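Notes to accompany the following structure.
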Amino acid sequence: MTAVFFAMPGNESLAAALASGTATELGSLEYRKFPDQESYLRFLGNVTGRNAVLACSLHDPDGKTLPLLLAAAALRDLGAKSVGLVAPYLSYMRQDRRFKEGEAITSLAFARLLSGAFDWIATIDPHLHRYASMAEIYSIPALVGHAAPVLVDYLRQRHGTIFLVGPDEESEQWVSSVAKAAEAPYVTLRKTRRGDNDVSINFPDIMKFDGLTPVLIDDIISSGHTMQVAVTQLVALGFGQPVCLAAHGILAADAMQRLKAAGAVIVTTNTIPGPTAALDVNPLLVELIRPKLIGESKP
Ligand code: R5P
């Protein structure tokens, strides 16, 4: 029997793209809040013996996680053979160690929660900084896709007119491989983060790129302060309308307005839907999960 996809609220177009791309079924999940703000969930149709997959990107995750865990538990309770999760953006990857005594390592706790609820997870470019792989914290199979080919396609359209800028040392490896594939020159900057909203960046001499448009490239734009500080300095150096390009555009609070006011154009993928999400990674997700679905559908 083929798999059946369900959309958690707000993920309807993702679930539809995955079901249609993998030639499987799109199921229906009724979700609403009771007056006391508890969640009501009802799966319409029979899931007994089916390989069920929940589609849920996990930006702004706290309000999404409990309904997601309740949905996974309900699918098991209703007799689903397996329950997978496609989360194009996977949250809680950045607190990957105890920086101060007593801090929660939320990446680990969150990974344990999801590993207990799902049989497998698929995501795009999880923030693996101090972890070498998802297997260090996730005890279920994790399928990891990369947005780089989609970013490279975008960059190739501007071939010869751009240079890439990685905002910090940890972006070096990623930026250099994207730059190589896009045949664009690149530079990486040196970032110091003193707090959530307190970032400073040191620039090397970049005047050799005079006349080219800077494309700042990062895995995540979260508060936007990393990009904002870099954009402001690039504009002050005389570079025209920098592009902020990222796999995941969280763009928390007023990040979008601040970046635009600083003079930037923002381009992100649709791992997180929104007005900047111009680049489609759903075909990458389809190819990523297809072998898993085929394997699961075998008797
Ligand atoms: C850093 O580790 C990441 O690659 C990004 O540079 C960072 O998460 C961006 O955060 P923000 O937008 O809050 O400066």
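The values are calculated or read from the model by the stated rules, or taken from the named source; none is laboratory data. This is a predicted model, so every value here is computed, not measured. Note that each Cβ is placed from the backbone with ideal geometry, even for glycine, and that neighbours are counted across all protein chains shown. Accessible surface is based on the protein model in full, side chains and every heavy atom, while ligands, DNA and RNA are left aside. Shrake-Rupley method; radii C 1.70, N 1.55, O 1.52, S 1.80 Å.
What's the carbon and sulfur percent of the stretch 148-279's accessible surface, probe 1.4 angstrom, rounded to a whole number?
Looking at the stretch 148-279 in its full context, I get 50 percent from C and S.
Averaging sequence separations of C-alpha pairs under 8 Å and six or more residues apart, then dividing by the length of the stretch 55-163, give the relative contact order as a whole percent.
24
Kindly state, as a whole number, the per residue volume in cubic angstrom of the convex hull around the alpha carbon atoms of the stretch 206-299.
Spelled out: Cα convex hull of the stretch 206-299, divided by residues, is 111 Å³.
How large is ³J(HN,Hα), in whole Hz, for each residue of the stretch 230-245 in order, when computed from phi with the Karplus curve 6.51 cos²θ - 1.76 cosθ + 1.60 and θ = phi - 60°, using x for Gly and Pro?
Couplings: 5, 4, 4, 5, 5, 5, 4, 7, x, 7, x, 4, x, 9, 9, 10 Hz.
Using Cα pairs closer than 8 Å and at least 6 residues apart in sequence, work out the relative contact order for the chain, in percent.
14
Whole-Hz ³J(HN,Hα) for each residue in the stretch 223-229, computed from phi via Karplus 6.51 cos²θ - 1.76 cosθ + 1.60 with θ = phi - 60°, x for glycine and proline: what do you get?
Coupling constants for the stretch 223-229: 6, x, 5, 4, 5, 4, 5 Hz.
Would you grab the residues whose amide H sits under 5 Å from the one on VAL281? Only those 5+ places off in sequence or on another chain, please, with H modelled 1.01 Å from N.
ASN270, THR271
Which value, in Å², gives the accessible area per residue of the stretch 47-140 when a 1.4 Å probe is used on the protein heavy atoms?
42
Could you work out what % of the accessible surface of the stretch 79-140 is carbon and sulfur, using a 1.4 angstrom probe and leaving DNA, RNA and ligands out of the count?
49
Counting heavy atoms of the protein chains only and a 1.4 Å probe, report the per residue accessible area for the stretch 148-279 as a whole number of Å².
Accessible area per residue, the stretch 148-279: 44 Å².
Name the long-range amide H neighbours of ALA122: under 5 Å, sequence gap of 5 or more, or other chain; modelled H, no Pro or chain starts.
Residues meeting the amide H criterion: LEU85, VAL86, ALA87, LEU143.
Within the stretch 98-183, list the GluC sites (Glu not before Pro) lying in a DSSP loop whose Cβ has at most 13 other Cβ atoms in a 10 Å radius.
GLU101, GLU103, GLU183
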